[in-house]
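Notes follow once the structure below has been shown.
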Amino acid sequence: MNVKYFRPRRPGPEAIIENAVAREVSNLFPSQQLPLWAGGSVPIGAGIPDLIVVTCEPQVFALTHVQMPTAKILAYLRAVGRARLETISSRVGRPQEVILRCLNGLVEVQAVSNDAETFSLVPAWREILPEIITIEAKVANWQKATEQAYRNRIFAHRSYVALPERVAQRVGSEQVFSKLDIGILSVDDNQEVSVLRRPRRSQPRVWTYYYQLASLVASHFKGFDDAICRTNSSCTSRLP
């Protein structure tokens, strides 16, 4: 799996665990023939998750053609349903002329609709990233990995820790994983990865992070004939 890393990687045992998981992403988390994107050390949320795996609808690539502050506008419209230009400008904290340019771009790519003097999010864009999975890799400090994984749940549908097999087997029955609903990936000495515990799917809670991630995916996606997938009109027809 091609992973886009957002900062230099440090060699070591945790990098080995990350690599093992990255190689098996498409098998561990099937995307049902939708584009699949993976990023490492992604600057999203309160921390920097080790790995993020994202299933995305092809329309998301249209965000490469829209000016910022796209994420805040999309998040606000998802929360309120419908709003006027002046209200969006006030809530997002940017001048109306900046917001209007961005809204016009979002209308053009059919992410936002314009009815009279109000704007609303197109229904398909409410779930433009159908599945966001975060993974925190640790060799021994599984408690810290669990804390980080729980923090990632504010924008992820599922959150995992990836641990060496001997650690995963030892701590797999700890109640904290069921209490926080964190999944466990077990990596053996041959770098084979298995799912020891699969968490329930939950809804993201901070939509600004959700749409920030959508913008990152659109900007850094490689695969499915990347250049073609960046045009909303032709990407769907190229899916396998």
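The values are calculated or read from the model by the stated rules, or taken from the named source; none is laboratory data. None of the values given here were measured: they were computed from a predicted structure. Neighbour counts run over all protein chains shown; Cβ positions are idealised from the backbone, glycine included.
In the range 205-222, what residues are more than 10 Å from Thr70 (Cβ to Cβ) and either among the aromatic types (Phe, Trp, Tyr) or assigned to a helix (DSSP H, G or I) (or both)? Give the steps one after another, and end with the answer.
So in the range 205-222, the residues more than 10 Å from Thr70 (Cβ to Cβ) come out as 205-210, 213, 216-217, 219-222.
If the condition is that a residue be more than 10 Å from Thr70 (Cβ to Cβ) and either among the aromatic types (Phe, Trp, Tyr) or assigned to a helix (DSSP H, G or I) (or both), then Trp207, Thr208, Tyr209, Tyr210, Leu213, Leu216, Val217, Ser219, His220, Phe221 are the ones that fit.
Is it the case that Gln110 is part of a loop (DSSP other than H, G, I, E, B), surrounded by fewer than 16 Cβ atoms within 10 Å (Cβ to Cβ), polar (S, T, N, Q) and touching a Lys or Arg at 6+ places or on another chain (Cβ under 9 Å)? So that I can check it myself, show each step before the final result.
Working: part of a loop (DSSP other than H, G, I, E, B): yes; surrounded by fewer than 16 Cβ atoms within 10 Å (Cβ to Cβ): yes; polar (S, T, N, Q): yes; touching a Lys or Arg at 6+ places or on another chain (Cβ under 9 Å): no.
When the stated conditions are applied, Gln110 does not pass them.
Residues are listed down the side, and each one gets a yes or a no for (1) closer than 23 Å to Arg201 by Cα; (2) free of Cβ contacts under 8 Å to residues at least 40 places away in the same chain; (3) in the same structural domain as Ile154 (by TED's automatic domain parsing):
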position	(1), (2), (3)
Ile17	no, no, yes
Ala22	yes, yes, yes
Gly45	yes, no, yes
His65	no, no, no
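Restricting the first residue to the range 80-92 and requiring it to be closer than 15 Å to Trp207 by Cβ, which pairs with a second residue that is surrounded by fewer than 17 Cβ atoms within 10 Å (Cβ to Cβ) and among the hydroxyl-bearing types (Ser, Thr, Tyr) meet a Cβ separation below 7 Å and a spacing of at least six or different chains?
That search, which allows pairs on different chains as well, returns Gly81/Ser120; Ala83/Thr118.
Report whether or not Phe177 is under 13 Å from the mean Cα position of the chain (by Cα), in the same structural domain as Asn19 (by TED's automatic domain parsing) and not aliphatic (A, V, I, L, M).
Details: under 13 Å from the mean Cα position of the chain (by Cα): no; in the same structural domain as Asn19 (by TED's automatic domain parsing): yes; not aliphatic (A, V, I, L, M): yes.
When the stated conditions are applied, Phe177 does not pass them.
How about the range 1-104: which strands (runs of 3 or more DSSP E) wholly inside it have at least 2 residues that are over 17 Å from Thr134 (Cα atoms)?
Values: elements: 3-5, 36-40, 51-55, 82-84.
Correct list: 82-84.
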